[in-house]
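Okay, structure first, notes after.
The values are calculated or read from the model by the stated rules, or taken from the named source; none is laboratory data. None of these values were measured; they are calculated from a predicted model. With ideal geometry, Cβ positions are generated from the backbone for all residues, glycine too; neighbour counts draw on all protein chains shown. What goes into the accessible areas is simple: the full protein's heavy atoms, side chains included, and nothing from ligands, DNA or RNA. Shrake-Rupley method; radii C 1.70, N 1.55, O 1.52, S 1.80 Å.
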Amino acid sequence: MQLLELTPAELAFLKTPVPTSGNWPTRLTRRLAATLTARLRLPVQTQAQPAPAPETAPTAPVWQPDAALAALWLTRRLGGRDVAGGLSFVPGSFVRTLNAALAESWLDAPPQCALPHALAWRVTAGLTQATLTVRLPHSPVDLTRWARETIRHG
């Protein structure tokens, strides 16, 4: 099968740099909302909030969803509709999903500025109000190494 030549419009499109609207935390916020909406089959809004600076820097991202968000994840992923209460543990599938979203967002276009030590969001899904925080390594090199490993083994 012979491939057709690309048109000038197609060539121009392929040569156009990928737009990076907004900064990296903003892009990650949008990606998390889209990922959670798809996985939970429920409209999810994420709103960035100030995050407390961690005392120590982890070598890999550390997610901290609250009990309400963990319960929402488990309930919806198991086919339930009504969420009641919270969970004292975070399902591994939830952490893997969050890691994949973070790694893809980071590798798409790492920021050209200093890496924040932590990020936090207010998550709204249906009647559930929750918070989600991630502590990040201080070094962009460490985060890049982690992201590549996450994508490679995910």
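Compare the peptides 39-49, 116-126 by average per-residue count of other Cβ atoms within 10 angstrom and give them in order, highest first.
With the highest mean Cβ count within 10 Å placed first, the list reads 116-126, 39-49.
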Per-residue ellipticity at 222 nm for the chain, helices alone: DSSP H runs ≥ 4 residues times -39500 (n - 2.57), over residue total, nearest 500 deg cm²/dmol? -14000 deg cm²/dmol
Limiting things to C-alpha atoms, what are the Rg and the maximum Cα-Cα separation (Dmax) for the range 67-154, in angstroms? 14.9, 42
Using a/c under 1.5 as the rounded threshold, could you call the range 82-133 rounded, prolate or oblate? The axes a ≥ b ≥ c are square roots of the C-alpha gyration tensor eigenvalues, and prolate needs a/b larger than b/c, oblate otherwise. prolate
Let me make sure I get this right: for the range 1-74, a, b and c are the square roots of the gyration tensor eigenvalues over alpha carbons, sorted descending. Under 1.5 in a/c it's rounded, otherwise prolate if a/b > b/c, else oblate. Which is it? prolate
If Arg96, Arg76, Arg145 are ordered by their accessible area, calculated over protein heavy atoms with a 1.4 Å probe, which sequence runs from highest to lowest? Arg96, Arg145, Arg76
Extent of the chain along each principal axis, from alpha carbon coordinates, in Å, largest to smallest? 58, 38, 28
